[in-house]
Each structure stands twice: as C-alpha cells, then as structure tokens.
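No value in this document is a laboratory result; all are computed from the given coordinates. The shown structure was predicted, so the numbers you read here are calculated from the model rather than taken from an experiment. Cβ coordinates were reconstructed from backbone atoms using ideal geometry, including for glycine residues, and neighbour counts include every protein chain displayed.
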Amino acid sequence: MTDYISISTLNDFIFCPYSIYLHNVYMETDEGLYHATPQTKGKLAHEPVDLKTSSNRSDDILALPVYSEQLGLMGKIDVYKRKEKKLIERKYQLKQIYQGQLYQLWAQFYCMTEMGYEIDSIAFYEISTNKMIPVAIPSDSDKQELVNFISSFKAFDPLIPIPVNPNKCRHCIYCNLCDKTEEENVY
Ligand code: SF4
C-alpha cells in the first residue's frame, strides 16, 4: 500500500526534517501545547476555507480533499475557481515565497490535474494585504524536482544525525519538546 505524504508537511520538511518526526509523535496531543503564535495565526487564516465560508460564489470549490497516486501525496486545496480554472493557496502573510510553499502549491496542482480538473493558472493570495500573487505553472523539470524532494522525504531516517541550526530551533514550534536542542522558543 502507498504511504501518502501530507502536502501540508512539505514546507516543514524543508525547514527541518526532524520536525516531521516530532509532528508525528505529538500529533495526538493538544495543539495548544506546542503551536506558536505565527502557526496559530496561519491556522486561523485557513479556518474560513476549512469551514467553507470564505467565498459565497457557487463556482468556487473550497477545501477540496485531493490526492495523487502517482506522487503519493494527499491533502486539501484552499480554493479552486472553476470559471477561471485557477487554483489558489491562501496565506495570512507572505513576505517571501519559500520553496516549500511552492512545492505545496505544485503538489496541489498535480493532485488536481491527476483527478481530472483543468487548471490554467495558480497563485498565492495574501490575506493580510488582500493581494493575489501569480505563480508559474510547474514545468517538467519542476515536477522532477518535486519527485526528488518527495523521495528524500520518504527516505528520511530520524535516527541519522541532522545539522541543527539554533536560529531555526528558536523559531520552531517543537523547540521545547525537541531532544536535538537546548534552545528556548522565542514565542
Ligand atoms: S527544534 Fe530544531 S532540531 Fe528540533 S525539530 Fe525544531 S528545528 Fe529541528
């Protein structure tokens, strides 16, 4: 049976692979125990979509569960505008677009196209500034880059030592629970 990777964890894996291990260990516990302010804000920003209330246009599909057998991915999209054939990922704030966030959007794109949806354009929408940020449709080489990244995700072994970056640790929601660092969380 295929082990599906959650699209929402792709960005976290780039930030620190060990955080995925900790996420799996602690996912049954109360999120309030480890969720820091930025994560809570981001989660709240997604809530209207998850509750399907952020758009009342009948041609918009919200919070659609998606998957790709080919890539071994599963997750949920934010918004698909049927008339425009446009896929949108909402973020509370986007000072810059990180590679992991791009991988998330590419992953959603490949899931949806495999499921039979037509997509002409993809974009991020920054909630705090009410700004749409268009992104190029991934090329064949982008797809190969995503495939390679997914392979490294699947091959990760939490027992193998990883480089620890104290600056990242200080901003990591698992900082106080992580056995790799003595740093204190800044939040
Ligand atoms: S605290 Fe540091 S080492 Fe531990 S998961 Fe977070 S970033 Fe990785």
- [ ] Mind scanning Lys91/Lys154; Lys86/Lys180; Lys83/Lys154; Lys81/Lys143 and naming the pairs with a C-alpha gap bigger than 31 Å?
- [x] Lys86/Lys180; Lys83/Lys154
TODO: Express as a percent, rounded to the nearest 5, the fraction of DSSP beta bridges in the stretch 64-187 (both residues included) that run antiparallel.
DONE: 65
Open item on the list: Loop-only GluC sites (Glu not before Pro) in the stretch 147-187, please: DSSP not H, G, I, E or B, and at most 10 other Cβ atoms within 10 Å.
Closed with: Glu182, Glu184
Open item on the list: At 0.36 nm per residue, and after removing the present C-alpha to C-alpha distance, how many nm does the segment from Asn165 to Ile133 gain when stretched out fully?
Closed with: 8.5 nm
Task: Efficiency of FRET between Asn11 and Glu114 - r from beta-carbon atoms, R0 22 angstrom, step 0.05 - done: 0.55
